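The values are calculated or read from the model by the stated rules, or taken from the named source; none is laboratory data. Everything quoted here is computed from the prediction, not taken from an experiment. Counting neighbours? That spans all protein chains shown, and the Cβs are built from the backbone with ideal geometry, glycine included. Each accessible area value is taken on the protein alone, full model and side chains, heavy atoms only, with ligands, DNA and RNA left out. Shrake-Rupley method; radii C 1.70, N 1.55, O 1.52, S 1.80 Å.
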Amino acid sequence: MRAPLSMALGAALMMTGVAATPGIAAEASSAPPPGTTTVQGVTKKVDDVVVSAKISLPPGGDVQGSITGTMSITHNGSSAAMRSGRMTMIDPDGRSLNGAQFVASGTANTWTSTVSLPADAAPGVYEVSVSAEIDVTTTDGVVKVPIRTADPVLVPFRAKRNIPLIWTSPSSAPAGSTISVSGAANIRSLGTGDYEPAADQEVKLYFDPTGDAPEVFIETLTTDDRGYFTTRQKPGASGKWRAEMPMTDTGAKAVWTLTSGERARDTKLREGTVSATQGAYTAGDHLITHDIVLGLAPVQRRVDVGSLGFTVGGTSGWISAESRRGEGNYPDGYRVQRDMTHSGLGTSHATITFNPTLPAGVYDIGIRDAMKACSAPDWDGLEGGTSNCTHNVLVEDPTVTTILVKRATTTTVAASQASVPSARNITLSGDVERVQLVSSGGAAIRPAPNVAVKLFFDPAGSAGPALKKTVTTGADGTFSTSVRAASTGRWIAKYAGTTLLAPSEAGVNVSVG
């Protein structure tokens, strides 16, 4: 049954596969394997007249309601004419289909016969036969030459398949994020030319990361009864996705590609999902962002939003950030919301600015998104139909995920001697500073007194760093201590931070011997 599907979800990529052009053989044969082309002919000699005929047929993806075979001949006479003849077929369901009489195509020595297909004509292997009589004129008169296939030839007609809708959601996200790769595939009927969902079709997914790394196979997916396929992936890089429906006896090969971007990050990744149901429709969003370290300059943080399933954000919606504690100029906490920018199919984002004087700590990241949810795509209504969709699913949650906003710190360390001839004690000294709010209402860099600093030694070679001593900064934020330098390596001072202050570290190289 034809699927009436109507939905415009923005720009979509379209790629179609083309089946090989089959021909007619003079002898019975088995169906050629996928990807091969049958090009054979029939040669007949009557007296001294020789006629060679070839029948060509359209690719299965071009078939809509009928199949037209073109017969072209070469001969050793002075001219030729079609006396009578037609092409006949037996379809995969065993029905006999008779073509019309061959008619002139407009090209010398070339005629066509058209076989009408029933509306429910299935793709697959057709038995094709040709019977015709050609009048060839020679100097001795007209010679009638029969052109017939000795046995039916098995020819696969593969339906056109493509992917009018495909997307990654979101299209760009911080490094380490999980994104959706989704699509909706269709297949065109041989009998009517109408598109229907390409159900239960194999889809192979590949990813080619940007750079020198090779393309890798990800997984094999299967479309559902609506033609959908979707998978959640963590690409680990920017790159190109390639999805392929391999050629089968009934379907043409289809290949399509799209790209996704991955942005660098240096703080912890934060992700969360939210969904809502309205009637028979469910819609949802996936939010992705990461933590913030505030110095003395404002920091802009992007929150990426990817639609879940076959849904997409509406034309309005916003992202919110709300602190869980008050501080400084914001004793009752701080809340901000920003409108989302819809930047592609199933992908949106909002950018929020965090100033140094805002409260540090946990922020709830929320969303309000009036979404469109669809039960099925519409292959003929992509320009704007909505018969299988609703715009009334309100997805709203003030705490889809959280982020930590911490103030920056810096740690320094120096050695009293950068090189010693043999094992001996040296002095390590340094300090810890932090960004803090000041009474004037702003923020400034100040010493961090009475905080623990862990001293690690990382020897040259494959061994990792080992904790050697823990010291505490004084009232001025400085520290100084004696350590035993027994081998060449790097001394590292680490401040662990707090729930409101970011960690920091520094190192110094010391050679021994």
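Return yes or no: is ILE292 under 18 Å from TRP167 (Cα atoms) and open to solvent by less than 40 Å² (accessible area, probe 1.4 Å)? When the stated conditions are applied, ILE292 does not pass them.
Return the total of residues in the stretch 472-497 being assigned to a loop (DSSP other than H, G, I, E, B), without any contact (Cβ under 8 Å) to a residue 60 or more places away in the chain and open to solvent by less than 70 Å² (accessible area, probe 1.4 Å).
Our first condition is that a residue be assigned to a loop (DSSP other than H, G, I, E, B); within the stretch 472-497, this holds for 473-477, 486-488, 496-497.
Still in the running and without any contact (Cβ under 8 Å) to a residue 60 or more places away in the chain: 473-477, 488, 496.
Filter once more, so that each one left must be open to solvent by less than 70 Å² (accessible area, probe 1.4 Å): 473-474, 477, 488.
Final tally of qualifying residues: 4.
Given the residues VAL299, VAL305, which is the only one that is touching a Ser or Thr at 6+ places or on another chain (Cβ under 6 Å) and not basic (Lys, Arg)?
Values: VAL299 fails: touching a Ser or Thr at 6+ places or on another chain (Cβ under 6 Å).
The unique qualifying residue is VAL305.
Beta carbons closer than 6 Å, at least 6 apart along the sequence or on distinct chains, pair a first residue in the stretch 295-316 that is in contact (Cβ under 8 Å) with a residue 12 or more places away in the chain with a second that is acidic (Asp, Glu) and in a strand (DSSP E or B) for VAL305/ASP285; GLY313/ASP369. Could you list, in sequence order, the residues of the stretch 310-327 that are open to solvent by 50 Å² or more (accessible area, probe 1.4 Å) and either modelled with pLDDT under 95 or under 19 Å from HIS286 (Cβ atoms) (or both)? Of everything in the stretch 310-327, those that are open to solvent by 50 Å² or more (accessible area, probe 1.4 Å) and either modelled with pLDDT under 95 or under 19 Å from HIS286 (Cβ atoms) (or both) turn out to be THR315, SER316, TRP318.
Considering the conditions (1) surrounded by 15 or more Cβ atoms within 10 Å (Cβ to Cβ); (2) hydroxyl-bearing (Ser, Thr, Tyr); (3) over 29 Å from ASP212 (Cβ atoms), SER260 is excluded by exactly one of them, (3).
Residue-wise test of (1) within 30 Å of GLN300 (Cα to Cα); (2) among the β-branched types (Val, Ile, Thr).
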position: ARG434; (1), (2): yes, no
position: ALA463; (1), (2): no, no
position: VAL483; (1), (2): no, yes
position: ILE492; (1), (2): no, yes
position: GLY497; (1), (2): yes, no
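Going by what's in this entry, would SER416 be described as over 26 Å from LYS268 (Cα atoms), of a type in the set (Gly, Ala, Ser), at pLDDT 95 or above and open to solvent by 50 Å² or more (accessible area, probe 1.4 Å)?
Numbers: over 26 Å from LYS268 (Cα atoms): yes; of a type in the set (Gly, Ala, Ser): yes; at pLDDT 95 or above: yes; open to solvent by 50 Å² or more (accessible area, probe 1.4 Å): yes.
Yes.
Within the stretch 44-61, the set of residues being assigned to a strand (DSSP E or B) and open to solvent by 30 Å² or more (accessible area, probe 1.4 Å) comprises LYS44, LYS45, VAL46, VAL50, SER52, LYS54, SER56.
When you scan the stretch 204-236, how many residues do you find that are of a type in the set (A, V, I, L, M) and either touching a helix residue (DSSP H, G or I) at 6+ places or on another chain (Cβ under 8 Å) or within 19 Å of ASN162 (Cα to Cα) (or both)?
Filtering the stretch 204-236 for residues of a type in the set (A, V, I, L, M) gives 205, 213, 216, 218, 221.
After this cut, where a residue has to be either touching a helix residue (DSSP H, G or I) at 6+ places or on another chain (Cβ under 8 Å) or within 19 Å of ASN162 (Cα to Cα) (or both) as well, the list is 205, 221.
Number of matching residues: 2.
Return the residue satisfying two criteria in turn: it lies in the stretch 398-436 and is small (Gly, Ala, Ser) and in a loop (DSSP other than H, G, I, E, B), and of such residues it is nearest to the chain's Cα centre (by Cα). Please lay out each step first, then the result.
Applying the first criterion (small (Gly, Ala, Ser)) to the stretch 398-436 yields 408, 414-416, 418-419, 422-423, 429-430.
Subset that is in a loop (DSSP other than H, G, I, E, B): 408, 416, 418, 422-423.
Numbers: ALA408: 37, SER416: 55, ALA418: 52, SER422: 59, ALA423: 58 Å.
Per the criteria, the residue is ALA408.
Considering GLY236, GLY211, GLY193, GLY183, which residue is open to solvent by 50 Å² or more (accessible area, probe 1.4 Å) and either touching a residue at least 60 places away in the same chain (Cβ under 8 Å) or not in a loop (DSSP other than H, G, I, E, B) (or both)? Write out each step before concluding.
Values: GLY211 fails: either touching a residue at least 60 places away in the same chain (Cβ under 8 Å) or not in a loop (DSSP other than H, G, I, E, B) (or both); GLY193 fails: open to solvent by 50 Å² or more (accessible area, probe 1.4 Å); GLY183 fails: open to solvent by 50 Å² or more (accessible area, probe 1.4 Å).
From the options GLY236, GLY211, GLY193, GLY183, the qualifying one is GLY236.
State yes or no: is SER440 in contact with a Gly (Cβ under 7 Å, 6 or more places away or on another chain), assigned to a loop (DSSP other than H, G, I, E, B) and more than 19 Å from GLY507 (Cβ to Cβ)? Break it down into steps so the answer makes sense when it comes.
Values: in contact with a Gly (Cβ under 7 Å, 6 or more places away or on another chain): no; assigned to a loop (DSSP other than H, G, I, E, B): yes; more than 19 Å from GLY507 (Cβ to Cβ): yes.
Taking the combined requirement at face value, the residue does not satisfy it.
Would you pick out the residues in the stretch 445-471 that are surrounded by 14 or more Cβ atoms within 10 Å (Cβ to Cβ), hydrophobic (A, V, I, L, M, F, W, C), in a strand (DSSP E or B) and under 48 Å from the mean Cα position of the chain (by Cα)?
Restricting attention to the stretch 445-471, the residues satisfying the condition of being surrounded by 14 or more Cβ atoms within 10 Å (Cβ to Cβ) are 445, 447-449, 451, 453-459, 465, 468-469, 471.
Now restrict to residues that are hydrophobic (A, V, I, L, M, F, W, C): 445, 448, 451, 453, 455-457, 471.
Next, from what is left, pick out any that are in a strand (DSSP E or B): 445, 453, 455-457, 471.
ILE445, VAL453, LEU455, PHE456, PHE457 - these are the residues of the stretch 445-471 that are surrounded by 14 or more Cβ atoms within 10 Å (Cβ to Cβ), hydrophobic (A, V, I, L, M, F, W, C), in a strand (DSSP E or B) and under 48 Å from the mean Cα position of the chain (by Cα).
What are the residues in the stretch 161-180 that are in a loop (DSSP other than H, G, I, E, B) and among the aromatic types (Phe, Trp, Tyr), if any? Even if it seems obvious, please write down each step before you answer.
Keep residues of the stretch 161-180 that are in a loop (DSSP other than H, G, I, E, B), which gives 170-171, 175-178.
Those that are in a loop (DSSP other than H, G, I, E, B) and among the aromatic types (Phe, Trp, Tyr): none in the stretch 161-180.
Among the residues of the stretch 181-236, those that are under 13 Å from the mean Cα position of the chain (by Cα) and polar (S, T, N, Q) comprise SER182, THR230, THR231, GLN233.
For the stretch 141-153, check the following and say yes or no: at least one residue is at pLDDT below 90 and hydrophobic (A, V, I, L, M, F, W, C). Yes; the residues of the stretch 141-153 include at least one that is at pLDDT below 90 and hydrophobic (A, V, I, L, M, F, W, C). Within the stretch 80-118, the set of residues being of a type in the set (S, T, N, Q), crowded, with 16+ Cβ neighbours inside 10 Å and part of a loop (DSSP other than H, G, I, E, B) comprises ASN109 only. When residues in the stretch 151-160 are screened for being under 41 Å from the mean Cα position of the chain (by Cα) and surrounded by fewer than 20 Cβ atoms within 10 Å (Cβ to Cβ), 1 of them pass. When the stretch 62-78 is filtered for residues that are part of a strand (DSSP E or B) and open to solvent by 50 Å² or more (accessible area, probe 1.4 Å), the ones remaining, listed by number, are THR68, THR74. Confirm whether LEU13 is modelled with pLDDT of 95 or more and either open to solvent by 60 Å² or more (accessible area, probe 1.4 Å) or farther than 17 Å from ASP135 by Cα (or both). Taking the combined requirement at face value, the residue does not satisfy it. When the stretch 122-150 is filtered for residues that are under 47 Å from the mean Cα position of the chain (by Cα) and assigned to a loop (DSSP other than H, G, I, E, B), the ones remaining, listed by number, are ALA122, PRO123.
Among the residues making up the stretch 184-229, those that are among the charged types (D, E, K, R) and over 22 Å from TYR126 (Cα atoms) are ASP200, GLU202, LYS204, ASP208, ASP212, GLU215, GLU219, ASP224, ASP225, ARG226. Restricting attention to the stretch 498-512 and to residues that are open to solvent by 50 Å² or more (accessible area, probe 1.4 Å) and not in a strand (DSSP E or B), the residue that is farthest from ILE292 (Cα to Cα) turns out to be THR498.
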